[in-house]
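S.K.: Quick one: the structure is below, questions incoming.
The values are calculated or read from the model by the stated rules, or taken from the named source; none is laboratory data. This structure is a prediction, so every number in the text was calculated from the model and none was measured. No Cβ is skipped: glycine too gets one built from the backbone with ideal geometry, and neighbour counts run over all protein chains shown. Remember, those area values only see protein heavy atoms, side chains included, never the ligands or the DNA or RNA. Shrake-Rupley method; radii C 1.70, N 1.55, O 1.52, S 1.80 Å.
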Amino acid sequence: MTANKSNLTYMKKSVLILMTFIATMTQAQEQKQIPQVSVTGEGKVMVKPDHIVINFGVDNTGKDATEVKKLNDETVDKVVKFVKKFGIPTSDFQTTSVSLNRNYDYEKKKYNYQASQSISITLKDITKYDALMMGLVDTGINNISDVEFKSSKMEEYKSEARKLAIKDAKHKAEDYVMVLNQKIGKAILITDNTQSFYAPVMYKAERMAAVAADEPRETLAVGEIEVTANVSVSFILE
């Protein structure tokens, strides 16, 4: 009697497992059979920058550590005084790195020292760019590492670009299914493929060469910042 009861319990468990397996397979098949169309969309917004971030510095190399640091400190002191006189708030410029390294010159078979200091300035009046750069170079800086165009409303423009990307994806999907006399339904999957990189359409930094001549010139091509968003969207086919 006990053996029969055990066999019955085993059969019930087997049937339950089998039914669960069948239900799972059926559900998986139904999910696979959902007709859908997958497309990509791009949104693009052209933005005029309203401020610039300038990263620059001063480097000196010599055989004496104290001397190269002193040369750097003298230049940085001139920079700070000039920037303050130029009218840039202290909150808009800062030292980003300071280093003093001992290097070995294998050609001359002796050690030398390199002192470096980097500074970042946020310029909120783009029209003053040339005057600022001329003044900075006159202080003795010898390294302009980056000039980055930015907008104070970047988050708004990114949001606008995302909306345009979704609209573009929907429009593409409608084009595809129209030929089949079908319609698209709700979106079942949205993937953001946007890379966080925003750059001006065109910019050339030739500042060091330009300041060698005394004649006034315009050296900044502001252009526009291109803000883009890219998405992949899957719609149900109806």
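S.K.: Of the conditions (1) among the hydrophobic types (A, V, I, L, M, F, W, C); (2) open to solvent by 70 Å² or more (accessible area, probe 1.4 Å); (3) at pLDDT 95 or above, VAL201 clears all except one; give me its number.
M.R.: VAL201 satisfies all of (1) among the hydrophobic types (A, V, I, L, M, F, W, C); (2) open to solvent by 70 Å² or more (accessible area, probe 1.4 Å); (3) at pLDDT 95 or above except (3).
S.K.: Further question on the same structure: State the number of residues belonging to the stretch 44-101 that are among the aliphatic types (A, V, I, L, M) and within 12 Å of LEU136 (Cβ to Cβ). Reasoning before the result, please.
M.R.: The initial filter retains those residues of the stretch 44-101 that are among the aliphatic types (A, V, I, L, M), namely 45-47, 52-54, 58, 65, 68, 71, 76, 79-80, 83, 88, 98, 100.
Checking the rest, the ones that are also within 12 Å of LEU136 (Cβ to Cβ) come to 54, 58, 76, 79-80, 83, 88.
The total comes to 7.
A quick yes/no check of all residues on (1) at pLDDT 95 or above; (2) more than 28 Å from the chain's Cα centre (by Cα); (3) farther than 20 Å from GLY57 by Cα:
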position: TYR104; (1), (2), (3): no, yes, yes
position: LYS108; (1), (2), (3): no, yes, yes
position: ASN112; (1), (2), (3): no, yes, no
position: ASP125; (1), (2), (3): no, no, yes
position: ASP130; (1), (2), (3): no, no, no
position: VAL137; (1), (2), (3): no, yes, no
position: GLY140; (1), (2), (3): no, yes, no
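S.K.: I would also like to ask the following. If you scan the stretch 138-169, which residues turn out to be part of a helix (DSSP H, G or I) and either more than 30 Å from ILE236 (Cβ to Cβ) or open to solvent by 100 Å² or more (accessible area, probe 1.4 Å) (or both)? Walk me through how you get there before you give the answer.
M.R.: Initially, the stretch 138-169 is screened for residues part of a helix (DSSP H, G or I), giving 138-139, 154-169.
If the condition is that a residue be part of a helix (DSSP H, G or I) and either more than 30 Å from ILE236 (Cβ to Cβ) or open to solvent by 100 Å² or more (accessible area, probe 1.4 Å) (or both), then ASP138, THR139, MET154, GLU155, GLU156, TYR157, ARG162, LYS163, LYS167 are the ones that fit.
S.K.: Another question about this same structure. Specify which of the listed residues (ASP59, ASP64) is out of contact with any Gly (no Cβ under 9 Å at 6 or more places or on another chain) and open to solvent by 70 Å² or more (accessible area, probe 1.4 Å).
M.R.: ASP64
S.K.: Got at least one residue in the stretch 86-104 being open to solvent by less than 40 Å² (accessible area, probe 1.4 Å) and either more than 25 Å from LEU132 (Cβ to Cβ) or part of a strand (DSSP E or B) (or both)?
M.R.: In the first step, residues of the stretch 86-104 are kept if they are open to solvent by less than 40 Å² (accessible area, probe 1.4 Å); the result is 88, 92-93.
Retained after the next criterion (residues that are either more than 25 Å from LEU132 (Cβ to Cβ) or part of a strand (DSSP E or B) (or both)): 93.
Yes: the stretch 86-104 contains one or more residues that are open to solvent by less than 40 Å² (accessible area, probe 1.4 Å) and either more than 25 Å from LEU132 (Cβ to Cβ) or part of a strand (DSSP E or B) (or both).
S.K.: Here is a list of conditions, (1) in contact (Cβ under 8 Å) with a residue 60 or more places away in the chain; (2) farther than 23 Å from VAL233 by Cβ; (3) among the basic types (Lys, Arg), and LYS128 meets all of them except one; can you say which number that is?
M.R.: (1)
S.K.: Return the total of residues in the stretch 32-50 being in contact (Cβ under 8 Å) with a residue 40 or more places away in the chain and open to solvent by 30 Å² or more (accessible area, probe 1.4 Å).
M.R.: Pass one, the stretch 32-50, residues in contact (Cβ under 8 Å) with a residue 40 or more places away in the chain: 34-50.
Of the ones still in play, those that are also open to solvent by 30 Å² or more (accessible area, probe 1.4 Å) are 34-36, 38, 40, 42, 44, 46, 48, 50.
Selection size over the stretch 32-50: 10.
S.K.: Report the residue count in the stretch 177-192 for those that are open to solvent by 70 Å² or more (accessible area, probe 1.4 Å) and over 19 Å from GLN33 (Cβ atoms).
M.R.: 5
S.K.: Find the residue count for the stretch 172-184, including only residues that are in contact (Cβ under 8 Å) with a residue 24 or more places away in the chain and either in contact with a His (Cβ under 6 Å, 6 or more places away or on another chain) or assigned to a helix (DSSP H, G or I) (or both).
M.R.: Count: 4.
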